[in-house]
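Here, each number is a calculation from the coordinates, and none is a lab measurement. Model, not experiment: these values are computed from the prediction. Counting neighbours? That spans all protein chains shown, and the Cβs are built from the backbone with ideal geometry, glycine included.
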Amino acid sequence: MNEQTRKTRVAVIFGGRSTEHSVSCVSAASVLANVDPDRFEVVPVGITPQGRWVLGPGDPATLALTGRELPSLSTDLVAVNQVDTLAEVDVVFPLLHGAFGEDGTIQGLLELAGVPYVGAGVLSSAVVMDKEYTKKLLAAEGLPIGAYEVLRPNVRTLSGGQKDRLGLPVFVKPARAGSSYGISKVTSWDELDGAIAFARAVDPKVIIEAMVVGREIECGVLEFPDGRTEASLPSEVRISADFEYYDFEAKYLDDALELDIPAKIGDAAIESVRALSVRAFQAMDGQGLARVDFFVRPDGELVINELNTMPGFTPSSAFPKMWAVTGVDYQSLVTILLETAVARGTGLR
Ligand SMILES: Nc1ncnc2c1ncn2[C@@H]1O[C@H](COP(=O)(O)OP(=O)(O)O)[C@@H](O)[C@H]1O
Ligand SMILES: [Mg+2]
């Protein structure tokens, strides 16, 4: 086969050492099943919860979510060498969520190896993984965020003045996590220290936010191979009344949520969400893709909650669904992500 007809070799890397290992496996099951086979040749590469690199299972279906059973990579898969694996491919899809994946670490490894990869670079990945620095950069660009306080590892709890400033309820969160791990809603100050301990089990740095009352709206940002950046139609996440907020169970295990795409917030609000999403993406030095999550207060005011540089790609995930409604189907979305990564290359850009 000559160079022109050779397919682009893609390593889809998934699983990983973070608490979101299983979510990544479920995302990988659908990406692996949807890569255009005429253009790409795929090498599935798993990272076990212990951090070992293995050749992924041949059948992506074994990674899918079956009922309430969360998938995890079995430890008896064949180990692969990182350097050899990366030397053999043209581009990597680091389909990893959370620490050691979405936080700039694997992006640094890929930069060193000189292999192009889907999504945000080192700086952007690291910033967006950290809810404190995300808010600081959004605020620096004049983008709307809610009130918050940060507890660094050496600070035990909030001062009286900080409590008065935030008011109740508050959301207590690990500063660098995802999928709602370690998060609790606190409605009485008696519960605060327990909630801080719960978050600190995930991350010694804790962020405490005033509750924003409003509807939850998400928007997908996508970069095209020619450098154009566009926002999808936004979706509203509607959570069934059994759940207090969008926690892990609601996200992945229960049929607890419904997505309205486009969100029924009126055309003007839709356009504001899309415009703010592109600005937030640029404020984070975003590349490739991001999901931007908002609250819309009852008076229509928008507040940015957070961004995700590697949003979920499971069959029920908002990012691929929003793009499908906007006119980019799942397979085309994966093709655009891979082509953008190849066009961008590595190094300063
Ligand atoms: N400040 C807040 N006000 C209201 N609800 C919140 C707030 N922070 C988090 N939540 C609820 O908790 C969920 C998870 O919080 P989020 O910051 O998105 O964490 P994760 O990174 O784990 O997704 C949100 O989708 C929302 O339902
Ligand atoms: Mg979130």
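Mind jotting down the three principal axis lengths of segment 108-228 based on Cα atoms? Whole angstrom, largest first.
Computed over the Cα atoms, the extents are 52, 30, 24 Å.
Using 0.36 nm per residue of separation minus the Cα-Cα distance, give me the extension gain between V155 and A324 in nm, one decimal.
Numbers: separation 169, 0.36 × 169 = 60.84 nm, distance 4.51 nm.
Extra length from V155 to A324 when fully extended: 56.3 nm.
Please list, ordered by chain and number, the residues whose modelled amide H lies under 5 Å from the amide H of F313; skip anything fewer than 5 residues away on the same chain.
S27
For each of T340, T335, count neighbouring Cβ atoms within 10 Å of the residue's Cβ, then give the residues from fewest to most. Let's see the in-between values first.
Numbers: T340 24, T335 19.
Ascending number of Cβ neighbours within 10 Å: T335, T340.
Would you calculate a helix-derived [θ] at 222 nm for the chain, using -39,500 (n - 2.57) for each DSSP H run of n ≥ 4 and dividing by the full residue count, to the nearest 500? Before the final figure, lay out the partial values.
Working: 10 runs with 104 residues, N = 349.
After summing the helix terms and dividing by residue count, I get -9000 deg cm²/dmol.
Between G121 and residues 5 or more places away or on another chain, which pairs have amide H atoms under 5 Å apart, with H built 1.01 Å from N, and which residues are they?
Q287
Cα atoms only, the chain: Rg and Dmax in Å?
Gyration radius and largest Cα-Cα distance of the chain: 19.9, 70 Å.
Picking from V115, V26, V155, which is most flexible by a Gaussian network model of the chain using Cα springs under 10 Å?
V155
In debye to the nearest 20, how big a dipole does the chain give about its Cα centre with +1 on each Lys and Arg Cβ and -1 on each Asp and Glu Cβ? Please list the in-between numbers first.
On the way: 31 positive and 47 negative charges, 152 e Å.
For this selection, approximately 720 debye.
Return the whole-Å distance between the Cα centroid of segment 188-210 and the Cα centroid of segment 307-349.
First find each Cα centre; the distance between them is then 33 Å.
Hey, with R₀ at 35 Å, roughly what FRET efficiency would Q331 and E88 work out to, going by the Cβ-Cβ distance, to 0.05?
Values: r = 24 Å, r/R0 = 0.67.
Efficiency at R0 = 35 Å is approximately 0.90.
Could you derive backbone 3J(HN,Hα) for segment 99-115 from the dihedral phi with the Karplus parameters 6.51, -1.76 and 1.60 (θ = phi - 60°), listing whole Hz in sequence and x where the residue is Gly or Pro?
Result, rounded to whole Hz: 4, 6, x, 9, 10, x, 6, 5, 4, x, 4, 6, 4, 4, 6, x, 9.
Taking the Cβ of each residue in E339, E41 as the centre, tally the other Cβ atoms inside 10 Å and list the residues starting with the fewest. Spell out each step's value before the answer.
Working: E339 18, E41 13.
By the 10 Å Cβ count, ascending, the order reads E41, E339.
Determine which residues of segment 203-226 fall in the zone a paramagnetic label at L70 would reach in this model, i.e. backbone nitrogen under 18 Å from the point 7 Å along Cα→Cβ.
203
Which value in Å does the Kirkwood hydrodynamic radius of segment 8-118 take, with 1/r averaged over all unlike C-alpha pairs and then inverted? Kindly include the intermediate steps, with their values, before the conclusion.
Numbers: mean 1/r = 0.0726 Å⁻¹.
It works out to 13.8 Å.
Using the Karplus curve 6.51 cos²θ - 1.76 cosθ + 1.60 with θ = phi - 60°, work out ³J(HN,Hα) for each residue of segment 76-83 in order, rounded to whole Hz, and write x for Gly and Pro.
So the J values, rounded to whole Hz, are 8, 6, 5, 5, 10, 8, 4, 4.
What does the charge dipole of segment 148-210 about its Cα centre add up to, to the nearest 20 debye, if the Cβ of each Lys and Arg holds +1 and the Cβ of each Asp and Glu holds -1?
Working: 9 positive and 7 negative charges, 48 e Å.
Dipole magnitude for segment 148-210 comes out near 220 debye.
Quick one: work out the % antiparallel among DSSP beta bridges in the chain, nearest 5.
Numbers: 41 of 54 bridges.
Given both bridge residues lie in the chain, the antiparallel proportion sits at roughly 75 percent.
How large is ³J(HN,Hα) for each residue in segment 202-210, as worked out from phi by the Karplus curve 6.51 cos²θ - 1.76 cosθ + 1.60 (θ = phi - 60°), to whole Hz, x for Gly and Pro?
Rounded to whole hertz, the list is 9, 8, x, 8, 10, 10, 10, 10, 4.
Near the amide H of N305, under 5 Å away, which other amide H atoms are found, from residues 5 or more places off or on another chain, if H is placed in the peptide plane?
Those lying under 5 Å, H to H, from N305 are D293, F294, F295.
Quick one: Debye curve from the alpha-carbon atoms of segment 148-210 only, equal weights, vacuum; give me log10 I(q)/I(0) at q = 0.24 Å⁻¹ to two decimals.
After summing over all Cα pairs, the log10 values are -0.95.
Under a GNM of the chain (C-alpha, springs under 10 Å), which listed residue has the highest mean-square fluctuation: S272, S316, S30?
S272
Is the C-alpha gyration tensor of segment 195-288 telling us rounded, prolate or oblate? Criteria: a/c under 1.5 is rounded; beyond that, a/b larger than b/c is prolate, otherwise oblate. Spell out each step's value before the answer.
On the way: a/c = 2.05, a/b = 1.33, b/c = 1.53.
Since a/c reaches 1.5 but b/c is at least a/b, the shape of segment 195-288 is classed as oblate.
Which of F294, Q107, S272 sits closest to the plus end of the dipole of the chain, meaning its Cα is farthest towards the positive end, when Lys and Arg get +1 and Asp and Glu get -1 on the C-beta?
Q107
Compute, for segment 8-118, the length of the dipole vector about the Cα centre, with Cβ point charges of +1 (Lys, Arg) and -1 (Asp, Glu) only. Units Debye, rounded to 20.
On the way: 5 positive and 13 negative charges, 46 e Å.
Around 220 debye, computed over segment 8-118.
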